[in-house]
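**Student:** Dropping a structure here in structure tokens format, bear with me for questions.
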Amino acid sequence: MSVWQEAKQSVGGAVRVMRMDPNALQDFNLTIDGYWRSFYAAVYLAPIYILFLLSVPVPQDVSIGRFWLIEIINYPLNWALWPLISYYICRGAGLVDKYTTYITVYNWAQIILSGLRMALIIIAFALFPLAVTSNLIVLSLIVVLAAEALIIRLTLDVSWPQALLIESLAFVIALLLGLVKQFVMMGGGPV
């Protein structure tokens, strides 16, 4: 099966996961090869990420070149950091045998979750005032966090409190990475 066919099937599986279909995992290639191929989701999302970056305001006092350089570095870092950290979380929790399943589903689901979230933000910045846009960003973030907790629950077969704890850790790490990105973008000045 080509990566494109696998992506279509896996995104369909991600939709089934969101609908809490217990058989949704059958739509994923849960081999080690499937795990690595799931990172192609980053490639498929790259065009919408570029549109997203073109639609958000560049921070004041940041050159356009610096902005794009940092974002180009940040994109693959975002895709690598959580899988790396979550491996050690799974290992520590005795769930290492379910790790590749989790990341495979998580990565393919990002086409839906991150893709729709970025599309919503692009539309919001184009059509609405900043206050409405901020509310839509927060609402979309809550939806993504809930969906990712559901993925954790299904793929790692943990309780809801454990899934929420793992998702909270993922959220904190994403926030920290965002703060570091902002700190570097501002030239090491105040965040």
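**Student:** Among the residues of the range 152-191, how many are of a type in the set (Lys, Arg) and free of Cβ contacts under 8 Å to residues at least 60 places away in the same chain?
**Tutor:** 1
**Student:** Only one residue in 181, 98 is modelled with pLDDT of 95 or more, outside any loop (DSSP other than H, G, I, E, B) and among the charged types (D, E, K, R), so which one is that?
**Tutor:** Among 181, 98, only 98 is modelled with pLDDT of 95 or more, outside any loop (DSSP other than H, G, I, E, B) and among the charged types (D, E, K, R).
**Student:** Which one of these is more than 19 Å from residue 179 (Cβ to Cβ), out of contact with any Lys or Arg (no Cβ under 8 Å at 6 or more places or on another chain) and in a helix (DSSP H, G or I): 73, 85, 50?
**Tutor:** Just a single option satisfies the conditions, and that option is 50.
**Student:** Could you give me the residue pairs with C-beta distances under 8 Å whose first residue belongs to the range 86-111 and is in contact (Cβ under 8 Å) with a residue 24 or more places away in the chain and surrounded by 20 or more Cβ atoms within 10 Å (Cβ to Cβ), whose second residue is part of a helix (DSSP H, G or I) and acidic (Asp, Glu) wherever it lies, and which are 6+ apart or on separate chains?
**Tutor:** These pairs meet every condition: 106/148; 109/148.
**Student:** Of the conditions (1) over 21 Å from residue 102 (Cβ atoms); (2) buried (at least 17 other Cβ atoms within 10 Å of the Cβ), residue 34 satisfies every one except a single condition; which number is it?
**Tutor:** (1)
**Student:** I'd like to check something: does the range 107-116 contain any residue that is closer than 20 Å to residue 19 by Cβ, modelled with pLDDT of 95 or more, among the hydroxyl-bearing types (Ser, Thr, Tyr) and under 13 Å from the mean Cα position of the chain (by Cα)?
**Tutor:** Looking for residues that are closer than 20 Å to residue 19 by Cβ, modelled with pLDDT of 95 or more, among the hydroxyl-bearing types (Ser, Thr, Tyr) and under 13 Å from the mean Cα position of the chain (by Cα), one finds none in the range 107-116, hence no.
**Student:** Another question, then. Just a yes or no: is a residue in the range 51-68 under 15 Å from the mean Cα position of the chain (by Cα), surrounded by 14 or more Cβ atoms within 10 Å (Cβ to Cβ) and either free of Cβ contacts under 8 Å to residues at least 60 places away in the same chain or at negative phi (or both)?
**Tutor:** yes
**Student:** Follow-up. Could you please find all residues in the range 141-163 being touching a helix residue (DSSP H, G or I) at 6+ places or on another chain (Cβ under 7 Å) and either small (Gly, Ala, Ser) or closer than 19 Å to residue 88 by Cβ (or both)?
**Tutor:** 147, 148, 149, 151, 152, 155, 156, 157, 158, 163
**Student:** Cβ-Cβ below 8 Å, separation at least six or inter-chain, first residue in the range 1-23 and part of a helix (DSSP H, G or I), second surrounded by fewer than 10 Cβ atoms within 10 Å (Cβ to Cβ): which pairs?
**Tutor:** 16/23
The values are calculated or read from the model by the stated rules, or taken from the named source; none is laboratory data. Keep in mind that what you see is a predicted model, and the values were worked out from it rather than measured. Neighbour counts are summed over all protein chains in view; Cβ atoms, including those assigned to glycine, are modelled from backbone coordinates with ideal geometry.
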